[in-house]
1. Considering amide H positions built from the backbone, and no H for Pro or chain starts, which residues 5 or more places from R52, or on another chain, come under 5 Å of its amide H?
2. Rounded to the nearest 0.05, what FRET efficiency do L89 and W141 give with R0 = 25 Å and r taken as the Cβ-Cβ distance? Could you check?
3. Between A107 and F149, what length comes free when the chain is fully extended (0.36 nm per residue of separation minus the Cα-Cα distance, one decimal in nm)?
4. Got a sec to turn the phi values of segment 134-143 into Karplus ³J(HN,Hα) couplings, 6.51 cos²θ - 1.76 cosθ + 1.60 with θ = phi - 60°, whole Hz, x for Gly and Pro?
5. Between T81 and M67, what is the label-to-label distance in nm when each label sits 7 Å out along the Cα-to-Cβ direction?
6. Stretch L25-M122 to full length: gain in nm at 0.36 nm per residue minus the Cα-Cα span?
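Laboratory data are not the source of any read-out in this text; all were calculated from the coordinates shown. Everything numeric here is computed off the predicted structure, so don't read it as measured data. Neighbour counts run over all protein chains shown; Cβ positions are idealised from the backbone, glycine included.
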Amino acid sequence: MQTPVFLTELQVPALAGSVGAVFTLLAERSCTRFRWFGGSLRHHTHTEPVPRIGGLAVCSAIALVWMLAHSAIGHSQWMTTLPILLSALPVLCVGAYDDLCYASPSAKILSQLAGAVILIAMSGDLHGISGAFALLFVAPWLVIATNSFNLIDGVDGLAAGTAII
């Protein structure tokens, strides 16, 4: 089956980035309008209330575009991204809770490990990497990468903008 021109491998990520930018802007405006801000916590760098649910906007955009691409292109070509979407759910849930309330560092690490294990379990053979090696080295690497990305979350729009890109 030939891929439609409007859903090539370059255009789907571009569409997800565009939808992510729009969803992030809508999330920011909704949070400001309805005063949905997380409380000021010690580890947050902002002195004024800031909308903190950009991750929900970006993940929603990626999931929406994935569903559109999946329905337009078909099952086989886009099913490889399903493990990524499902493994992001525990991290997304704990991250959104942390944005609005407070999640302990151990809760965040456990959600990231859960996401890594889900990804490894659903991916099966990771390009020849055995399951034990993946659990011992890939899962911790994913947790480190997630936390590295989280470090840039203190600057307005930097994490959301980087995720969109």
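1. Those lying under 5 Å, H to H, from R52 are G38.
2. The calculated FRET efficiency here is 0.80.
3. Values: separation 42, 0.36 × 42 = 15.12 nm, distance 1.69 nm.
Gain in length upon complete extension: 13.4 nm.
4. So the Karplus estimates, Gly and Pro as x, are 4, 5, 7, 10, 6, 4, x, 4, 5, 5 Hz.
5. Reported label-point gap for T81 and M67 is 1.4 nm.
6. 31.7 nm
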